[in-house]
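Beneath this line is the structure, given in structure tokens, with notes to follow.
The values are calculated or read from the model by the stated rules, or taken from the named source; none is laboratory data. Just so we're clear, the structure is a prediction, and the values are computed from it rather than from any experiment. Using ideal geometry, Cβ is built from the backbone for each residue, glycine included, and neighbour counts are taken over all protein chains shown. Each accessible area value is taken on the protein alone, full model and side chains, heavy atoms only, with ligands, DNA and RNA left out. Shrake-Rupley method; radii C 1.70, N 1.55, O 1.52, S 1.80 Å.
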Amino acid sequence: MAIQVSGLADLVRVLDDARRRAPRAYQLNGSLEPVGNREKYLSFRFPTSLGPQVFSLASDTHMSAIGTFLAVARGAQHLEDVLELAKTRGGNLKLVLRSVGQLKGWYCYADG
């Protein structure tokens with residue numbers, strides 16, 4: 001079961017807490033090794049042209065990507081200030097950092 005967050009402040013708080021709990025971890029799930037594990041870690045709503053849609057951040061998201069997200073999110077007011085919609089090669093929706101684009105190790109995809 002993924003953690004449900006609402007809004008940018010809540011998302012930043014949860015990710016910052018995860019980073020503090022496992023400062024030497026390689027992935028958000030606490031793993032010290034770069035192992036692929038596409039389980040949902042947390043979910044949140046993001047506004048799209050079709051209305052709010054649920055996106056999930058995968059548990060194998062890299063801590064370095066979380067650090068970059070947190071640095072970009074400081075001072076922002078809304079999720080849309082930090083994240084923007086993009087598409088995967090398969091045409092599915094994903095979220096990328098607005099000022100950085102696709103970030104290595106950032107795995108945030110629309111729920112089914």
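Is one or more of the residues making up the range 7-19 in contact (Cβ under 8 Å) with a residue 12 or more places away in the chain, surrounded by fewer than 12 Cβ atoms within 10 Å (Cβ to Cβ) and more than 18 Å from A110 (Cβ to Cβ)?
no
Within the range 63-75, identify whether any single residue is in a loop (DSSP other than H, G, I, E, B), over 16 Å from D10 (Cβ atoms) and in contact (Cβ under 8 Å) with a residue 12 or more places away in the chain, and answer yes or no.
No; the residues of the range 63-75 include none that is in a loop (DSSP other than H, G, I, E, B), over 16 Å from D10 (Cβ atoms) and in contact (Cβ under 8 Å) with a residue 12 or more places away in the chain.
Spot the failing condition for Q77; the list is (1) at pLDDT 90 or above; (2) surrounded by 12 or more Cβ atoms within 10 Å (Cβ to Cβ), and only one is missed.
(2) is the only condition that Q77 fails.
Which residues, counting only those in the range 63-93, are touching a Leu at 6+ places or on another chain (Cβ under 8 Å) and charged (D, E, K, R)? I'd like the intermediate steps shown before the answer.
Going through the range 63-93, the residues touching a Leu at 6+ places or on another chain (Cβ under 8 Å) turn out to be 63, 65-66, 68-70, 72-73, 76-79, 81-87, 93.
If the condition is that a residue be touching a Leu at 6+ places or on another chain (Cβ under 8 Å) and charged (D, E, K, R), then D81, E84, K87 are the ones that fit.
What is the number of the single condition among (1) part of a strand (DSSP E or B); (2) surrounded by 13 or more Cβ atoms within 10 Å (Cβ to Cβ); (3) without any contact (Cβ under 8 Å) to a residue 60 or more places away in the chain; (4) not basic (K, R) that S43 does not meet?
(3)
Quick test of your reading of the structure: K87 fulfils all but one of (1) more than 13 Å from the chain's Cα centre (by Cα); (2) open to solvent by less than 70 Å² (accessible area, probe 1.4 Å); (3) of a type outside the set (A, V, I, L, M, F, W, C); (4) more than 15 Å from I3 (Cβ to Cβ). Name the failing condition by number.
All conditions are met except number (2).
Restricted to the range 21-40, and to residues that are open to solvent by less than 40 Å² (accessible area, probe 1.4 Å) and polar (S, T, N, Q), which residue is farthest from A110 (Cα to Cα)?
Let us first name the residues in the range 21-40 that are open to solvent by less than 40 Å² (accessible area, probe 1.4 Å), namely 22, 25, 27-28, 30-31.
Of the ones still in play, those that are also polar (S, T, N, Q) are 27, 31.
Working: Q27: 20, S31: 24 Å.
My answer is S31.
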